1. If Ala103 passes every condition in (1) assigned to a helix (DSSP H, G or I); (2) over 18 Å from the mean Cα position of the chain (by Cα) but one, which one does it miss?
2. Could you list, in sequence order, the residues of the range 71-100 that are assigned to a loop (DSSP other than H, G, I, E, B) and closer than 24 Å to Phe227 by Cα?
3. Looking only at the range 222-251, count how many residues are part of a strand (DSSP E or B) and at pLDDT 95 or above.
4. Give me a count of the residues in the range 252-276 that are in a strand (DSSP E or B), over 13 Å from Lys295 (Cβ atoms) and among the hydroxyl-bearing types (Ser, Thr, Tyr).
5. Does Val212 qualify as being outside any loop (DSSP other than H, G, I, E, B), among the β-branched types (Val, Ile, Thr) and closer than 25 Å to Glu71 by Cα?
6. Taking into account only those residues within the range 145-159 that are among the aliphatic types (A, V, I, L, M) and assigned to a helix (DSSP H, G or I), which is farthest from Pro315 (Cα to Cα)?
7. State yes or no: is Ala186 crowded, with 19+ Cβ neighbours inside 10 Å, touching a strand residue (DSSP E or B) at 6+ places or on another chain (Cβ under 6 Å) and not charged (D, E, K, R)?
8. Which ones in the range 277-315 are in a loop (DSSP other than H, G, I, E, B), within 17 Å of the chain's Cα centre (by Cα) and within 17 Å of Gly133 (Cα to Cα)?
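The values are calculated or read from the model by the stated rules, or taken from the named source; none is laboratory data. All figures in this text were calculated on a predicted structure; none of them were measured in a lab. All Cβ positions, even for glycine, are placed from backbone atoms using ideal geometry, and neighbour counts span all protein chains on display.
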Amino acid sequence: MRRREVITLLGGAAAVWPLAARAQQPMPVVGYLRAGARAAASDIEAGFRQGLAGIGFVEGRNVTIDYRYAENQLDLVPALAADLVRRQVDVIYAGDNRAALAAKAATANLPIVFRVGGDPIELGLVPNLSRPGGNMTGVTFLTTTTGALKVQMLHEAVPQAAVMGLLLNPENPAHRLNMREAQEAALKLGLELHVASAANPAEIDTAFAMFVQRRVRGLVLDGDVLFANRRQQLAALTMRHAIPAIYNTRSFPDAGGLMSYGASNVDADRLAGIYVGRVVKGDRPSDLPVQQSVKVELIINLIAAKALGLTIPLPLLGRADEVIE
């Protein structure tokens with residue numbers, strides 16, 4: 001074989017080998033961690049994948065997503081986080097407060113993108129929103145900025161209700177902040193507020209028994225994974241006991257409850273998906289400011305209002321982003 005042919009062959013091989021090596025490289029892996037049930041998360045999963053796609057990553061094509069759901073068994077969340085760390089995924093996406101805290105406890109090295117309700121500083125996730133430092137950043141929808149408005153909007157919908165209730169999960173890291181804001185709002189409006197805790201489905205029934213005994217005429221449901229996953233139970237209980245209620249996501253009125261006001265979960269997950277994509281591309285979490293999801297929505301279910309014997313005031317209806325009829 002002539003020398004020129006050998007050089008040509010070697011040159012061709014040099015051009016092919018890097019391509020073959022790149023083709024054999026494994027796809028980046030995103031560890032997707034949530035405390036709740038996957039059956040209740042189809043819309044927010046779609047929002048997350050939309051965010052990833054917006055920055056060039058499509059599941060199964062150029063990125064792998066390793067889904068880990070605790071299915072409301074909260075004691076499993078730390079073990080699921082630790083397992084993702086052992087697998088050495090490229091980035092952990094922590095989709096709720098418990099998942100974020102578990103991921104933080106599991107690693108100080110792997111990149112983490114969180115999506116939480118509440119203040120990430122008060123939750124202990126980052127020291128600074130604009131300069132998070134360390135290995136964590138993400139998206140927050142500050143539930144404490146909507147808690148007072150939920151009390152106010154429910155008061156608008158049911159102005160004759162002088163006694164209201166607040167249902168929260170004491171295992172939610174943000175529950176004290178949310179309770180304080182609801183109490184302050186109720187005090188300003190001259191309302192009597194009774195607080196009940198529920199950390200499992202059985203305690204939800206117990207809490208409603210207390211609300212009925214105290215003659216509660218309006219109920220604010222704190223944002224929590226447990227409540228989101230038990231939205232049908234909660235909607236049924238509010239209708240059975242004729243207690244108008246407001247939650248923080250549209251899953252509640254979609255399930256037959258009266259109304260919701262709060263951040264759009266789908267939009268928050270979309271923003272988080274974008275951040276996850278940026279980290280996969282090489283951005284450091286410490287350089288990515290914590291974002292706030294500013295899209296909020298008011299959803300009113302007029303079918304539920306009619307069943308409760310309520311006439312929703314026109315000004316409140318006019319502010320609704322969607323009315324279920």
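1. Answer for Ala103: the failing condition is (2).
2. Glu71, Asn72, Gln73, Gly95, Asp96
3. 2
4. Residues flagged as in a strand (DSSP E or B), over 13 Å from Lys295 (Cβ atoms) and among the hydroxyl-bearing types (Ser, Thr, Tyr) within the range 252-276 amount to 1.
5. So Val212 fails the test.
6. Selected residue: Ala148.
7. yes
8. Matches in the range 277-315: Val290 only.
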